[in-house]
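Participant: This structure is in structure tokens; I'll ask about it shortly.
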Amino acid sequence: MTGARLRRSALVLPAALVGLALVLGACSSTNVTTLGAPPTTDTSLTLTLQHSPVGPILATGGGDTLYDFAPDSPTHSACLNDGCVFQWPPLIASGPVRVGPGVDPSLVGTLTRPDGSTQLSYGGHPLYTYNLDVSPGIVMGQAIDQDGGLWYVLNAKGQHYLAHIRQNIGQMGHLIDGLPAPSRVSKC
């Protein structure tokens with residue numbers, strides 16, 4: 001064998017082993033996602049209300065709409081697999097939580113996720129954001145049946161709004177995957 005061919009052969013085996021490790025890692029049978037650095041961690045988290053077409057809904061101080069997953073219980077999140085956690089990031093509390101006007105502090109709670117992180121809840125409903133709410137004030141996840149259940153926004157009393165909220169937003173209104181464009185909502 002020539003020197004160049006030997007060097008090429010010596011590189012193929014390590015590359016194949018790395019590829020095999022990636023494939024086997026992706027195919028693991030675990031169904032719980034460990035959140036090392038959740039995208040919704042905020043050390044100065046504030047819960048607020050924002051206006052929507054159906055009334056005030058729960059949001060973060062930064063304007064991110066918050067959702068409840070119907071299969072959850074007050075002490076257990078049913079959104080645990082990789083796809084669900086990616087699409088619907090749990091609202092992780094890593095410090096004190098402030099509440100804005102109209103938000104009832106007695107309804108604010110927490111639950112421990114399987115990875116040990118602390119998820120915020122409201123009225124016994126674990127809270128999530130939605131990745132398709134691409135900017136503050138957007139509501140795209142209301143009444144979606146996804147990942148084994150329905151997703152709802154919550155009112156100030158910690159109750160579901162069952163109505164669809166998505167609406168066209170003026171001239172920017174357009175269809176995304178057959179759904180109307182999101183509605184803009186403002187803080188109360």
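Participant: Residue 107 passes all but one of (1) within 15 Å of the chain's Cα centre (by Cα); (2) modelled with pLDDT of 95 or more; (3) among the hydrophobic types (A, V, I, L, M, F, W, C); which number fails?
Facilitator: The number of the failed condition is (1).
Participant: Between 106, 121, which is of a type in the set (Ser, Thr, Tyr), assigned by TED's automatic domain parsing to the domain that holds residue 164, out of contact with any Lys or Arg (no Cβ under 6 Å at 6 or more places or on another chain) and touching a residue at least 24 places away in the same chain (Cβ under 8 Å)?
Facilitator: 121
Participant: Looking at 153, 134, which is the one that is at pLDDT below 95 and either aliphatic (A, V, I, L, M) or in a loop (DSSP other than H, G, I, E, B) (or both)?
Facilitator: Result: 134 is the single residue among 153, 134 that is at pLDDT below 95 and either aliphatic (A, V, I, L, M) or in a loop (DSSP other than H, G, I, E, B) (or both).
Participant: Looking at the range 73-102 only, could you name the residues that are among the β-branched types (Val, Ile, Thr), surrounded by 13 or more Cβ atoms within 10 Å (Cβ to Cβ), in contact with a strand residue (DSSP E or B) (Cβ under 8 Å, 6 or more places away or on another chain) and under 26 Å from residue 146 (Cβ atoms)?
Facilitator: Within the range 73-102, just 92 meets the criteria.
Participant: Given the structure, is residue 98 of a type in the set (Lys, Arg) and either touching a Gly at 6+ places or on another chain (Cβ under 9 Å) or within 23 Å of residue 162 (Cβ to Cβ) (or both)?
Facilitator: Taking the combined requirement at face value, the residue satisfies it.
Participant: Looking at (1) more than 22 Å from residue 150 (Cβ to Cβ); (2) among the small types (Gly, Ala, Ser); (3) outside any loop (DSSP other than H, G, I, E, B), can you tell me which one residue 116 breaks?
Facilitator: That leaves (3) as the condition not met.
The values are calculated or read from the model by the stated rules, or taken from the named source; none is laboratory data. The shown structure was predicted, so the numbers you read here are calculated from the model rather than taken from an experiment. Counting neighbours? That spans all protein chains shown, and the Cβs are built from the backbone with ideal geometry, glycine included.
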